[in-house]
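Student: Sending over a structure as structure tokens; questions will come in a sec.
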Amino acid sequence: MTVSSFKTSHVAGLALGFIVTYFAGVSSVGIASAGQNHEWAGFRGSTGDGTFVGKTKITASDRCGLKQTWIQKIGSGYSGVAVADGCAVTAFSDGKNDVVAAFDKETGKEKWRYVLAEYYKGHDGSHDGPISTPLIADGKVFALDARGQFAAIDIETGKEVWKTHLVDDHECGKPHYGFGTSPVFLDGVVVVQMNSEKAAVAGFNPKTGEKLWSAGADGTNYQSPIQYAWNGKTRVLAACNKSLFAIDASNGDIVWEQEHAGEGARGLMSLTAVPAGADRLFLAYKDESSSLLQLIREEQGVSSKHAWEDRSIRNSYNVPVYQDGHVYAFSSRFLTCVDVETGKAKWKSRKPGDGFLVLVDGHLVIVTKEGSLHIAKATPEKYEEIASIDVFDDLAWAHPSYSEGAIYVRSLDAIARIDIIPNAPTEPGSEMKTAANDARGQSKFHAFLTEVKAADNRQAVVDQFIAAQKAFPIVEDSGWVHFVYKGEGKDLAVAGDMFGARQEQSMKRLANTDLFYHSMQLELDARLNYLFMRDFEEIVDPRNDRRTQCRMLTKDMEMSFSGEPLEMSWFSMPKWDTPAHLATSEVTNKGRVDERELESKVLETKVAFDVYVPHGHDTGDARYPVAYVHAGQAAKDHGKMPESLDHLCGSAIRPTIVVFIKHMNRGPIEPYADMLTNELIPMVDETYKTMKSRDGRASIGIGFAGVTAFAWALKSPDVVGNVASQSPFIFDFAKGTLDQLVADHDSKPLNVYMDWGKYDFRNPHEAWDIGETAEEFASSLQKKGFKVQGGEVHDGTGWSSWMNRYDAMFGALFPKTSAG
């Protein structure tokens, strides 16, 4: 069938569709609503707006409950659940392949399974399996694999109808984490965003897989299109990397295009536009802020302006929903209601926990990442929950789906149907976990809690107890630590190394007092950073004078590798000792720091570097080992390494020259290694009294620079014989390179030091943990025959952690000899 004949055959259908969608569009001011259609055929519903309009069992009685009807084990994946034609369909990895499977929506019995593509392994913080949610339309299931395989499957039989490949057949570029866009069906055409240099959006014939049209000179990442009512017609609305496109699905004509100025991984790259009233679109389009885009109808077309931009909704992969002048969304990990007229928050709630939501019959249906399901009224007054149930024990990372009185949810290893039960008491919900907060009788602090609860004047007992404490948090010799806040505040939480990035734990309020607390057990030699979140704003512990600057995290405990530092408090357990080299006492025999610069012909740029020269270098004939610190300005300025070297050189380690290279290698190792070997080392050797041998040189990299440190040492074994790193950030894009260098290394052995924290940089909801990857790399080095000194410590991340072990690191590289 040709494109022209395909269009001609749809004229009658389009005419009828015009009439239907015109009135639907007028009534829903921009939302192409599914009305009373109980199907939920794709990502966030048949229209993609995340909304079901109509009466349901939620409002059929004064109260409702939730009951699990069935649950089936599946495999890993981010794909949501499409529900239509009697099936609940999702995509996942079975450990060997990425598959699409259909389950009977009533019984949960698997009806068929289709192999979509080879197993897609998660990387750089993502989990395994498909990302895109399938679409059910025209008697078929349309599914997209992370590598670009796009297939149509018969809904009844599970047999392949057709398949095409976005990369191989349509010259698309695979986004870093894989294709995550979900298709939408309109005017008899399957529409998908595709990330081609020629076009950002394409329409496919659902019967043959023929590409009917492509449109939009833009790129895409993980954004998905929706249906959108405009001028009485339903259009496809696609948010791409630079612009929003309203497209006629029947022929691919662009109705209008508007630039949006979005940016960021959690903003731009995951952007789905949310219709928010007549000619208005809510855009969670930046990591740190959202905006209301006002479309302006003009004689010559359409223009737009941002009516407001505000931080009230930010830092979330959830797609918001809109109702009656208000947007409901997760802002970081907090459920938030925002007035669409002003952009200001009406309320924030820590409950029910971070997750994903849709709107059903005027109610928010929320699945949390912890695996619980909640129904709450969509009201600007407050968070008001009416039903909840625990469903999964593992991570849930997909929007819920609704169809005919039931909610369909999935986690990384299961899919479930939860029925809404009218006139039923709410089953016990899952409060946010507050590890050990109620472990009464196990510590002195919990004995105090028992005393308070029995007292007539609770506040007086609390005041007396707090006044008697010598330090905060309250640390017990048994390994208990109690984070305590006393004062004003409605909502308190504690965050820090204990829990990881984008995490915090709620603090429990002691009834009839102003005391909040959270208790946990730690190793007796642990040292960690933390802060409080009071009414969703970060504060240091006002009762703890020990402060530090964290440069790995920023507001909302988001990851940050640049910009303003985050002030945090820190504490230590009873068996942690302050390292001697961090003493603030004056050192008699101080070294000096020289500022130098290299005009590199290899890199075709100037490379600045500072040189720490130990005391005594300029007198006598002794030769000194040299440590080259990659991306060394941070180690010098933030890590205060020269100050520690003043204490260490000659007393704990051999006096050492340390070169702080003010250059971050962001490309292949070869040019950078060439610069080091053939330009920098000769310059340093000519200027200073160095040991001109591999055993007298060390390659040091901390954090991101750890990969560079190991790559240079492994690639240049004749040049450098020692290598050290603390918490090397070995993400998957670098792991393959390092693994190959280790496998190929068959020459002189390296002296290796590496340490990492048990509480290092990590996120338990996302597939990345710097400590775990460091341990895995250390194991691969040991299997190759390297002796690795160092290992895991009970500390966190960042310079406040790393500086504690300079003595161990330099002692392993250049230990003090009898000659000094």
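The values are calculated or read from the model by the stated rules, or taken from the named source; none is laboratory data. Worth saying up front: this structure is predicted, and the values here are computed from it rather than measured. Quick reminder, even Gly has a Cβ in these numbers, built from the backbone with ideal geometry, and neighbours come from all protein chains shown. Heavy atoms of the whole protein, side chains included, go into the accessibility calculation; ligands, DNA and RNA do not. Shrake-Rupley method; radii C 1.70, N 1.55, O 1.52, S 1.80 Å.
Student: In the range 546-583, what residues are assigned to a loop (DSSP other than H, G, I, E, B), more than 19 Å from residue 502 (Cβ to Cβ) and either in contact (Cβ under 8 Å) with a residue 40 or more places away in the chain or in contact with a Phe, Trp or Tyr (Cβ under 9 Å, 6 or more places away or on another chain) (or both)?
Tutor: Pass one, the range 546-583, residues assigned to a loop (DSSP other than H, G, I, E, B): 546, 551-552, 560-565, 573-579, 583.
Next cut, more than 19 Å from residue 502 (Cβ to Cβ) only: 546, 573-579, 583.
Result: 546, 573, 574, 575, 576, 579, 583.
Student: Name the residue that is nearest to residue 100 (Cα to Cα), counting only residues in the range 134-182 that are open to solvent by 10 Å² or more (accessible area, probe 1.4 Å) and among the hydroxyl-bearing types (Ser, Thr, Tyr).
Tutor: 157
Student: Given 808, 778, 724, which one is under 28 Å from residue 581 (Cα atoms), open to solvent by 10 Å² or more (accessible area, probe 1.4 Å) and among the aliphatic types (A, V, I, L, M)?
Tutor: From the options 808, 778, 724, the qualifying one is 808.
Student: Have a look at 683, 664 and point out the one that is touching a residue at least 24 places away in the same chain (Cβ under 8 Å) and farther than 22 Å from residue 592 by Cβ. Can you show your working first?
Tutor: Numbers: 683 fails: farther than 22 Å from residue 592 by Cβ.
Checking each option against the conditions leaves just 664.
Student: Look through the range 811-820, keep the residues that are within 22 Å of residue 643 (Cβ to Cβ) and either among the aliphatic types (A, V, I, L, M) or at pLDDT below 95 (or both), and return whichever of them is most open to solvent (accessible area, probe 1.4 Å).
Tutor: Residues of the range 811-820 that are within 22 Å of residue 643 (Cβ to Cβ), as a first pass: 811-816, 820.
Restricting the remaining residues to those that are either among the aliphatic types (A, V, I, L, M) or at pLDDT below 95 (or both) gives 812-813, 816, 820.
On the way: 812: 14, 813: 9, 816: 100, 820: 28 Å².
Among residues in the range 811-820 that are within 22 Å of residue 643 (Cβ to Cβ) and either among the aliphatic types (A, V, I, L, M) or at pLDDT below 95 (or both), the one most open to solvent (accessible area, probe 1.4 Å) is 816.
Matching residues to (1) in contact with a strand residue (DSSP E or B) (Cβ under 7 Å, 6 or more places away or on another chain); (2) closer than 25 Å to residue 210 by Cβ; (3) at pLDDT 95 or above:
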{"position": "229", "(1), (2), (3)": "yes, no, yes"}
{"position": "234", "(1), (2), (3)": "yes, yes, yes"}
{"position": "239", "(1), (2), (3)": "no, no, yes"}
{"position": "248", "(1), (2), (3)": "yes, yes, yes"}
{"position": "263", "(1), (2), (3)": "yes, no, no"}
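Student: Give the range 60-94 a look and list any residue that's among the aromatic types (Phe, Trp, Tyr) and open to solvent by 10 Å² or more (accessible area, probe 1.4 Å), or say none.
Tutor: Result: 70, 78.
Student: Considering only residues that are open to solvent by less than 50 Å² (accessible area, probe 1.4 Å), among the hydrophobic types (A, V, I, L, M, F, W, C), modelled with pLDDT of 95 or more and farther than 27 Å from residue 807 by Cβ, which ones fall in the range 652-710?
Tutor: Within the range 652-710, 673, 675 meet the criteria.
Student: Also, quick follow-up: Whether any residue in the range 697-720 is touching an Asp or Glu at 6+ places or on another chain (Cβ under 6 Å), closer than 25 Å to residue 755 by Cα and among the charged types (D, E, K, R) is what I want to check.
Tutor: There is no residue in the range 697-720 that is touching an Asp or Glu at 6+ places or on another chain (Cβ under 6 Å), closer than 25 Å to residue 755 by Cα and among the charged types (D, E, K, R).
Student: Okay, next question. Kindly provide the set of residues from the range 491-517 that are under 11 Å from residue 530 (Cβ atoms), hydrophobic (A, V, I, L, M, F, W, C) and in a loop (DSSP other than H, G, I, E, B), ordered by number.
Tutor: 498, 499
Student: Being over 18 Å from residue 501 (Cβ atoms), in contact with a strand residue (DSSP E or B) (Cβ under 7 Å, 6 or more places away or on another chain) and in a loop (DSSP other than H, G, I, E, B) is the requirement here; does residue 786 meet it?
Tutor: Spelling it out, residue 786 is indeed over 18 Å from residue 501 (Cβ atoms), in contact with a strand residue (DSSP E or B) (Cβ under 7 Å, 6 or more places away or on another chain) and in a loop (DSSP other than H, G, I, E, B).
Student: Only residues that are open to solvent by less than 50 Å² (accessible area, probe 1.4 Å) and assigned to a strand (DSSP E or B): list them for the range 200-216, please. Walk me through it before giving the result.
Tutor: Our first condition is that a residue be open to solvent by less than 50 Å² (accessible area, probe 1.4 Å); within the range 200-216, this holds for 200-206, 209, 212-213, 215-216.
Matches in the range 200-216: 201, 202, 203, 204, 212, 213, 215.
Student: State all residues of the range 545-578 that are over 23 Å from residue 314 (Cβ atoms) and either β-branched (Val, Ile, Thr) or crowded, with 17+ Cβ neighbours inside 10 Å (or both); if no residue qualifies, say none.
Tutor: 548, 569, 570, 571, 572, 573, 576, 578
Student: Please determine, by comparing only the residues of the range 372-393 that are open to solvent by less than 40 Å² (accessible area, probe 1.4 Å) and part of a strand (DSSP E or B), which one is nearest to residue 327 (Cα to Cα).
Tutor: Looking at the filtered set, the residue picked out is 376.
Student: Yes or no: residue 185 open to solvent by less than 10 Å² (accessible area, probe 1.4 Å), over 26 Å from the mean Cα position of the chain (by Cα) and aromatic (Phe, Trp, Tyr)? Break it down stepwise before answering.
Tutor: Working: open to solvent by less than 10 Å² (accessible area, probe 1.4 Å): no; over 26 Å from the mean Cα position of the chain (by Cα): yes; aromatic (Phe, Trp, Tyr): yes.
No, not satisfied.
Student: While we're here: Yes or no: residue 477 among the charged types (D, E, K, R), at negative phi, outside any helix (DSSP H, G or I) and touching a residue at least 12 places away in the same chain (Cβ under 8 Å)?
Tutor: yes
Student: Could you go through the range 166-184 and let me know if any residue there is assigned to a strand (DSSP E or B) and touching a Lys or Arg at 6+ places or on another chain (Cβ under 8 Å).
Tutor: No, because not a single residue in the range 166-184 is assigned to a strand (DSSP E or B) and touching a Lys or Arg at 6+ places or on another chain (Cβ under 8 Å).
Student: Considering only residues that are among the hydroxyl-bearing types (Ser, Thr, Tyr) and not in a loop (DSSP other than H, G, I, E, B), look in the range 789-805 and name the one that is least open to solvent (accessible area, probe 1.4 Å).
Tutor: Quick first cut of the range 789-805, residues among the hydroxyl-bearing types (Ser, Thr, Tyr) only: 797, 800-801.
Narrowing further to those that are not in a loop (DSSP other than H, G, I, E, B): 800-801.
Working: 800: 19, 801: 0 Å².
Only one residue tops the list, namely 801.
Student: Which of the residues belonging to the range 591-617 are open to solvent by 50 Å² or more (accessible area, probe 1.4 Å) and over 40 Å from the mean Cα position of the chain (by Cα)?
Tutor: Answer for the range 591-617, where residues must be open to solvent by 50 Å² or more (accessible area, probe 1.4 Å) and over 40 Å from the mean Cα position of the chain (by Cα): 592, 615.
Student: Report every pair of residues separated by at least 6 positions or lying on different chains whose Cβ atoms are under 8 Å apart, first residue within the range 256-272 and under 17 Å from residue 226 (Cα atoms) and open to solvent by less than 20 Å² (accessible area, probe 1.4 Å), second assigned to a loop (DSSP other than H, G, I, E, B) and among the β-branched types (Val, Ile, Thr).
Tutor: Matching pairs, first to second residue: 272/319.
Student: In the range 737-751, what residues are without any contact (Cβ under 8 Å) to a residue 60 or more places away in the chain and either open to solvent by less than 50 Å² (accessible area, probe 1.4 Å) or aliphatic (A, V, I, L, M) (or both)?
Tutor: Scanning the range 737-751 gives 738, 741, 742, 743, 745, 750.
Student: Yes or no: the range 345-358 includes at least one residue that is open to solvent by 20 Å² or more (accessible area, probe 1.4 Å), closer than 24 Å to residue 553 by Cβ, aliphatic (A, V, I, L, M) and part of a strand (DSSP E or B).
Tutor: yes
Listed here are the residues, each with its yes/no results for (1) under 30 Å from the mean Cα position of the chain (by Cα); (2) modelled with pLDDT of 95 or more; (3) assigned to a loop (DSSP other than H, G, I, E, B).
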{"residue": "68", "(1), (2), (3)": "yes, yes, no"}
{"residue": "71", "(1), (2), (3)": "yes, yes, no"}
{"residue": "80", "(1), (2), (3)": "yes, yes, yes"}
{"residue": "83", "(1), (2), (3)": "yes, yes, no"}
{"residue": "90", "(1), (2), (3)": "yes, yes, no"}
{"residue": "101", "(1), (2), (3)": "yes, yes, no"}
{"residue": "106", "(1), (2), (3)": "no, yes, yes"}
{"residue": "113", "(1), (2), (3)": "no, yes, no"}
{"residue": "116", "(1), (2), (3)": "yes, yes, no"}
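Student: Does residue 369 satisfy being touching a His at 6+ places or on another chain (Cβ under 7 Å), touching a residue at least 60 places away in the same chain (Cβ under 8 Å) and open to solvent by 10 Å² or more (accessible area, probe 1.4 Å)?
Tutor: yes
Student: Pull up the range 217-228, narrow it to residues that are open to solvent by less than 10 Å² (accessible area, probe 1.4 Å) and assigned to a strand (DSSP E or B), then point me to the one that is nearest to residue 139 (Cα to Cα).
Tutor: Of the range 217-228, the ones open to solvent by less than 10 Å² (accessible area, probe 1.4 Å) are 220, 223-226, 228.
Now restrict to residues that are assigned to a strand (DSSP E or B): 226, 228.
Working: 226: 20, 228: 23 Å.
Checking each candidate, the answer is 226.
Student: Residue 378: under 14 Å from residue 81 (Cα atoms) and not polar (S, T, N, Q), yes or no?
Tutor: Considered against the rule, which asks whether it is under 14 Å from residue 81 (Cα atoms) and not polar (S, T, N, Q), residue 378 comes out as no.
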